[in-house]
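K.L.:
Here it is, the structure, as structure tokens.
The values are calculated or read from the model by the stated rules, or taken from the named source; none is laboratory data. Treat the numbers as computed from the prediction; the structure is a model and nothing was measured. Cβ coordinates were reconstructed from backbone atoms using ideal geometry, including for glycine residues, and neighbour counts include every protein chain displayed.
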Amino acid sequence: MAVIIKEIKLKGSKSEIEKEAIFDSGSTYSCIHPDLAESLGTVEPLPEPMEFGTAKEGEKVTAEGRVTLNFYIEQYRFSDEFMVIQKLSNGVIIGAATLQKWRLKLDFEKDEIIIDPRVTKLWLLINKSGLRKISQETIKSDGVNFDPK
């Protein structure tokens, strides 16, 4: 399984740090070591433990907490929750759920992460009846067309 290792900045409610992260499309969730998680933000217990298989056959790890962090790739800001897992070989893994949420693509030939800058813009659209979802077709590179239908 191929992965990309890249320096990112992690920012939580307590502190921030620059650290190498493994971008791994084979990992379901983004994960972080407990020591690093606790130094960056407030670890929240999960409603119930979550067990994950690893690349090593038959081995499993358990997450009992999570932490919400911002992370930066170059100048682009992203945010997600990270499962807190004791037995990580690296301190931070960016997993498939985060990659899909932010439409990050991994280019293994060039060892690069492809970012669509449009997804890093935050939008909140409100009409008289409250919040309204918009489809991808309504988002354009130069802004948003809002169709109230």
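K.L.:
For segment 1-24, which residues satisfy the criterion of being of a type in the set (A, V, I, L, M, F, W, C), assigned to a strand (DSSP E or B) and within 22 Å of Thr54 (Cα to Cα)?
P.N.:
The initial filter retains those residues of segment 1-24 that are of a type in the set (A, V, I, L, M, F, W, C), namely 1-5, 8, 10, 17, 21-23.
Imposing the further condition that a residue be assigned to a strand (DSSP E or B) reduces the set to 4-5, 8, 10, 17, 21-23.
Passing the criteria: Ile4, Ile5, Ala21, Ile22, Phe23.
K.L.:
Can you spot a residue in segment 66-83 that is modelled with pLDDT of 95 or more, farther than 18 Å from Ala21 by Cβ and out of contact with any Cys (no Cβ under 7 Å at 6 or more places or on another chain)?
P.N.:
No, that holds for no residue.
K.L.:
Restricting to segment 47-74, and then to whatever is surrounded by 14 or more Cβ atoms within 10 Å (Cβ to Cβ) and hydrophobic (A, V, I, L, M, F, W, C), can you tell me which residue is nearest to Ile94 (Cα to Cα)?
P.N.:
Top of the filtered list is Phe71.
K.L.:
Right, here's the next one. Take Thr28 and tell me if it is assigned to a loop (DSSP other than H, G, I, E, B), β-branched (Val, Ile, Thr) and in contact (Cβ under 8 Å) with a residue 60 or more places away in the chain. Can you show your working first?
P.N.:
Details: assigned to a loop (DSSP other than H, G, I, E, B): yes; β-branched (Val, Ile, Thr): yes; in contact (Cβ under 8 Å) with a residue 60 or more places away in the chain: yes.
Considered against the rule, which asks whether it is assigned to a loop (DSSP other than H, G, I, E, B), β-branched (Val, Ile, Thr) and in contact (Cβ under 8 Å) with a residue 60 or more places away in the chain, Thr28 comes out as yes.
K.L.:
Here are Ser13, Ser79: which of them is loosely packed, with under 15 Cβ neighbours inside 10 Å, closer than 20 Å to Leu106 by Cα and among the small types (Gly, Ala, Ser)?
P.N.:
Ser79 is the lone residue from the list that is loosely packed, with under 15 Cβ neighbours inside 10 Å, closer than 20 Å to Leu106 by Cα and among the small types (Gly, Ala, Ser).
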